[in-house]
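Structure first, then comments.
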Amino acid sequence: MGNSALKAHLETAQKTGVFQLTGKGLSEFPEDLQKLASNLRTIDLSDNKIETLPPFVGRFSVLKSLTLNHNKLTALPEELCKLKKLEALHLNSNHLTQLPTAFGQLSALKTLSLSGNKLRTVPTQLCSLRHLDVVDLSRNQIQSVPDTVGELQAIELNLNQNQISQISSQISVCPRLKVLRLEENCLELSMLPQSILSDSQISLLAVEGNLFEIKKLRELEGYDKYMERFTATKKKFA
C-alpha cells in the first residue's frame, strides 16, 4: 500500500473521526495516525499482520472503538490503558496471553472481545471495569474460573470453547450477570456450581458440549428456579 493511499485515508479520517484500513497486510500500526490522536473516535485495523501496538496508542484521547481482529498481537502496551473514553475493544484472533496490569483503568469500557487468543485465565483486571456489558473470552485456553469472578460487572460472559473443568461458585454472586456461555468445555456435571441455578441472576446458561447430557441438568436442585428466570426473560423479549 503506497503512501498516497494512506494519505487519502488519513484525510478522510480527519473529517469523519473514523480510520478504517483492513486486510492490507500492514505489519505495523501506522505512525502517521499520531497526527489524528485528538480527533479519532474509531480505529479499525482488522485482518492485518500487526505484531505490536506503539506506546503512542495511549494518546488517542477521544477514541471510543478500537478493533484489531485477526492480527498477530502477542501483548498490549500499558499505555493502552490511558484510553479513558474507550467503550469497545475488539481483539479477536490474536496471540495474546495476558492483559496489561492497568487494564482496569479503561473505565468506560462496555464491550471486550478477546475470542481466539491464548489466555489461560479469566483476567482479574476485568473486575475493576464498572460499565462492562459483554465479555467474549471464547476460544482461549482457560481451564478454570477463579473466585475473583464474583466481582465481575458484566451482563454477558462468553467462555465457549475453552478447557474449563472448574468454576468458582462465586460466579453466582455477579450482580449483573444474565448470560453465561460455557459450551464445549470440559465440565463434569458435579463441577457446575448448583448456586448458578438456585441463587444467581443468570437467566441464560448455555452448557451444551460438555461432559454430561443436558437432560441431567434438569435433575439438579435449583433447576426450577433457573427456569423461572429463563422464562421471565424470554417473555420480556418476546
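For the stretch 208-238, which trypsin sites (Lys or Arg not before Pro) are both in a DSSP coil and crowded by at most 12 other Cβ atoms within 10 Å? Show your work: numbers first, answer last.
On the way: sites: Lys215, Lys216, Arg218, Lys225, Arg229, Lys234, Lys235, Lys236; in loops: Arg218.
For trypsin sites (Lys or Arg not before Pro) across the stretch 208-238 that sit outside H, G, I, E and B with at most 12 neighbouring Cβ atoms in 10 Å, the list reads Arg218.
From the gyration tensor of the Cα coordinates in the chain, what semi-axes in whole Å does the equivalent ellipsoid have, largest first, with each one equal to sqrt(5λ)?
Values: eigenvalues 288, 61, 48 Å².
Ellipsoid semi-axes (Å, largest first): 38, 17, 15.
I need the phi-derived Karplus couplings for the stretch 221-234: 6.51 cos²θ - 1.76 cosθ + 1.60, θ = phi - 60°, integer Hz, Gly and Pro marked x.
Here the 3J(HN,Hα) series is 5, x, 4, 4, 4, 4, 5, 4, 5, 4, 5, 4, 5, 4 Hz.
Using Cα centres only, tell me the gap between the stretch 170-197 and the stretch 107-163 in whole Å.
If we compute the Cα centre of each part, the gap is 13 Å.
Efficiency by 1/(1 + (r/R0)^6): what FRET value for Met191 and Lys72, r their Cβ-Cβ distance, R0 = 45 Å, to the nearest 0.05? All intermediate terms of the calculation are to be shown ahead of the outcome.
Values: r = 35 Å, r/R0 = 0.77.
The pair Met191/Lys72 has a calculated efficiency of 0.85.
Expressed as a whole number of Å, what is the distance separating the alpha-carbon centroids of the stretch 198-225 and the stretch 34-67?
The stretch 34-67 and the stretch 198-225 have Cα centres separated by 41 Å.
At most 16 other Cβ atoms within 10 Å and a DSSP loop assignment: could you name the GluC sites (Glu not before Pro) in the stretch 119-228 that fit? Don't skip to the answer; put the middle values down first.
On the way: sites: Glu151, Glu156, Glu183, Glu184, Glu188, Glu208, Glu213, Glu219, Glu221, Glu228; in loops: Glu183, Glu184, Glu188, Glu208, Glu213, Glu219, Glu221.
Answer in residue order: Glu183, Glu188, Glu208, Glu213, Glu219, Glu221.
Taking 0.36 nm per intervening residue step and subtracting the Cα-Cα distance, what contour gain separates Ser144 from Ile214 on full extension?
Working: separation 70, 0.36 × 70 = 25.20 nm, distance 2.06 nm.
23.1 nm is the gain from fully extending Ser144 to Ile214.
Across the stretch 150-195, what fraction of all alpha-carbon pairs, as a whole percent, falls in each successive 5 Å bin from zero upward?
Percent of Cα pairs in each bin: 5, 22, 28, 30, 14, 1.
Between Gln20, Gln141, Gln125, which gets the highest mean-square fluctuation from a Gaussian network model of the chain, Cα cutoff 10 Å?
Gln20
Using the Karplus curve 6.51 cos²θ - 1.76 cosθ + 1.60 with θ = phi - 60°, what ³J(HN,Hα) values do you get for each residue of the stretch 124-133, in whole Hz, with x for Gly and Pro?
5, 4, 5, 6, 8, 8, 7, 10, 5, 9
Assuming R0 = 30 Å, what is the FRET efficiency of Gln98 and Ser61, from their Cβ-Cβ distance, to the nearest 0.05?
Working: r = 25 Å, r/R0 = 0.85.
Efficiency computed from Cβ-Cβ geometry: 0.75.
³J(HN,Hα) across the stretch 80-88 via Karplus (A = 6.51, B = -1.76, C = 1.60, θ = phi - 60°), whole Hz, x for Gly/Pro?
Couplings: 4, 6, 8, 7, 5, 9, 5, 10, 9 Hz.
When the C-alpha atoms of the stretch 147-238 are aligned to their principal axes, what extent does each axis show, in angstrom, from largest down?
Result, largest extent first: 33, 30, 22 Å.
Hey, which of these cross-link pairs are over 29 Å Cα-Cα: Lys49/Lys82; Lys35/Lys72; Lys72/Lys178?
Numbers: Lys49/Lys82 24 Å; Lys35/Lys72 24 Å; Lys72/Lys178 32 Å.
Listed pairs above 29 Å: Lys72/Lys178.
Each value in this text was obtained by applying a stated rule to the coordinates, not by laboratory testing. Just so it is clear, the model here is predicted, and its values are computed rather than measured. As a convention, Cβ positions derive from the backbone with ideal geometry for all residues, glycine included, and neighbour counts pool all protein chains shown.
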